[in-house]
Structure formats: structure tokens, C-alpha cells
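The values are calculated or read from the model by the stated rules, or taken from the named source; none is laboratory data. Nothing here was measured: the structure is a model prediction, and the numbers come from that model. Note: ideal-geometry Cβ built from the backbone for every residue, glycine included; neighbour counts use all protein chains shown. Side chains included, ligands, DNA and RNA excluded: accessible areas come from the protein's heavy atoms. Shrake-Rupley method; radii C 1.70, N 1.55, O 1.52, S 1.80 Å.
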Amino acid sequence: MPIMKGGNMKEKLKYSVRLVERAFTECGISKENKAVLAFSGGIDSTCALHLPPILAGVKEGIVDLLFNDTLVEFPQTRKFVRHVEDTIGAAVIIAKPKVTFRQIVERYGFPIYPRGGKDSQRAKATAMCCYHLKKAPTKKLINEHSWRLYMTGLRADESYNRRTMAKVYGDYFLSKTYKHQRCHPILYWSLDDVWAFQKQCGFDYNELYDKVTYLNDGDVYFSHDNMKKYQVRTGCWCCPQGIRTGKLKWLREHFPKMFNALIVKMGLGEAILELRIDKNMNVKSKRAQLARDINYKKIFGVAKAVQTHPCYFDSF
Ligand code: SF4
């Protein structure tokens, strides 16, 4: 019986450990029949890695780590993956895409819209981007290695899609597509549980999590009591998916050169202006914003907008 949100952290840990042990036994995991953990360098898969049976399995050589390098990873993430490799002694298998983020943008546009969003044409860019940069390279390695058990650090409360997936499949099931067992040992953990486990074990984590941004600090009523803290989700540095939750403000504050490259040189600023113009075209209350967007797109340019009004692209 899965333990949902609000459950006791100790009980969740016990449940997850038992689940992994059961999966190892049922799948007959050994040096000849290995399991794999999809390891992104983010806190969730780092947490899954430190579940005692998985960590022991990695050290023993019966669990491989699979890192999908999208070619647009933060340098801090690559550094952390190497650190894990050195400290735990795990050989990390790296999956790489055949196409680049830029090529995908040229072909489908920026992946701004969420997958499954109402505008299917715009959502296609996101689906295609994730397919080419993540799914296809991983699928290729899964087919090459024939792992019996595929484990991840997925959590149900990360998104609507994951909650739905959790309801449909649960945390341990047979994948008919890949013909292996899938196990998401921390599927029912909250983010607080993950950080509590990190504190309890004291394991190292990706340094990107220590770079935070306060989303309401432009508000005159801002204080540290009412602050809303944004902590990045590691992964593709140039992904605009987090635009509505503060990703671009975070990027601008902590990685200004990357922010400029993305907004000005790679063209995300122009794409945002186009979408905003489209969205506000017939909205009376947005006239001032609409006029500014049109001017920046057609007369002054994105570089000027960023220079004169740095937070212009923080939200959408
Ligand atoms: S997370 Fe964003 S940038 Fe990365 S593959 Fe998916 S859509 Fe593309």
C-alpha cells in the first residue's frame, strides 16, 4: 500500500528499501543481470542512489548508473556526476542525443508550452525536444544493455503528469514497451522528505541547489517572512519550461551570460515577445504591455529590452 504525502519519513524510507529489495530479488539482479538507475545529477535521483540497497548495489557492480547528457546540462551537473563517479566508484554510462537543442529549436520552435497543453502545435516542440534529447538516447542504451530492472528518482508530486502516471502504474510494474521491470522507489516522497533524507545521511548534492532566487523581492511588501523561494530543477539549462515559475529570473541572477545568450543570441526573447503579442492582442487591459512588446520586437530589439529592463523576460 503506497504511503502518500504527509506520511512519516521513516516509514517511507522503510517502504522504499523493501520495495527495492523485493525488486532485486524478483528480477534476479546480479553481475550478469544488472539493474540500472537513471541518474540525472538532480536531488531526487541522488536521493534514490543513496537508498541503502541501491548504493550497495552500485558499489558491488550489480547496479549501473545511466546519465542522459542532453548536451545542454549545467557545468555544475556534469561536475557532480563526475564527483559521484569518483567517490562511489560507479561507472556512469552516458547517453547522448544525435541532435542539438539549437537544431530542435530551428525545426520545431522553443519548447515553451507544456507537453499535453491545449495548443497541440506549440506543445509539439516540447514533446519533440524531450524525445530527441532525452527519450531516444536513453531508449537506445536500454536496448543495448538489456537491464532487467530500470529504477528512477521520479516523484508523483513533481507534476500533474507524474501524479497521473503514479495512479495508473504505481511504483513497480512491468514495462511492456521495454520488457523490463520499472521501479520508482521514492514515487510517494515529497520534496521535504528528499531533503530530510539528505540531511539525515549527509550525502553530497549538486551545488546548483544552493543558488536560490526570491520571487517576490520586487514587491514593496517583500520581507523574508513572506518570501517565495525558487530553487532550480536541474536539467537542460536553456529549457524555458520553468518560465512561469521563476526559472528565467533565477538564470538571469546566477548565470547572466547564459541568460543573455539564450534570450538575445538564441532567440528566446523574440519567441516570448511573439507569444505575448499573440496572447494579448485582443485584451484591453494589456494594451500598455502589448505596445511595449510590439515596440521591442519591431523597433528597438530584444537586446535593448534586456538592457533597459532586465526583468522584462522574467515572466510570461
Ligand atoms: S527539459 Fe526542456 S530543453 Fe530539456 S529536453 Fe525537455 S523540453 Fe527540451
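Filtering Leu273, Leu248 for residues that are surrounded by 18 or more Cβ atoms within 10 Å (Cβ to Cβ), outside the structural domain of Glu73 (by TED's automatic domain parsing) and in contact with a Pro (Cβ under 9 Å, 6 or more places away or on another chain) leaves a single hit, Leu248.
For every residue, the table says whether it meets (1) away from the ligand (no atom under 11 Å from the Cβ); (2) open to solvent by 80 Å² or more (accessible area, probe 1.4 Å); (3) modelled with pLDDT under 95; (4) within 16 Å of the chain's Cα centre (by Cα).
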{"site": "Asp69", "(1), (2), (3), (4)": "yes, no, no, yes"}
{"site": "Pro75", "(1), (2), (3), (4)": "yes, no, no, yes"}
{"site": "His83", "(1), (2), (3), (4)": "yes, no, no, no"}
{"site": "Ile88", "(1), (2), (3), (4)": "yes, no, yes, no"}
{"site": "Ile93", "(1), (2), (3), (4)": "yes, no, no, no"}
{"site": "Ser120", "(1), (2), (3), (4)": "yes, yes, yes, no"}
{"site": "Asn143", "(1), (2), (3), (4)": "yes, yes, yes, no"}
{"site": "Ser146", "(1), (2), (3), (4)": "yes, yes, yes, no"}
{"site": "Leu149", "(1), (2), (3), (4)": "yes, no, no, no"}
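Across segment 124-141, the qualifying residues are those that are more than 10 Å from the ligand (Cβ to nearest atom) and under 17 Å from the mean Cα position of the chain (by Cα), and the one among them that is surrounded by the most Cβ atoms within 10 Å (Cβ to Cβ) is Pro137. Scanning segment 191-208 for residues that are in a loop (DSSP other than H, G, I, E, B) and either open to solvent by less than 70 Å² (accessible area, probe 1.4 Å) or closer than 19 Å to Lys14 by Cβ (or both) returns Gly202, Phe203, Tyr205, Asn206.
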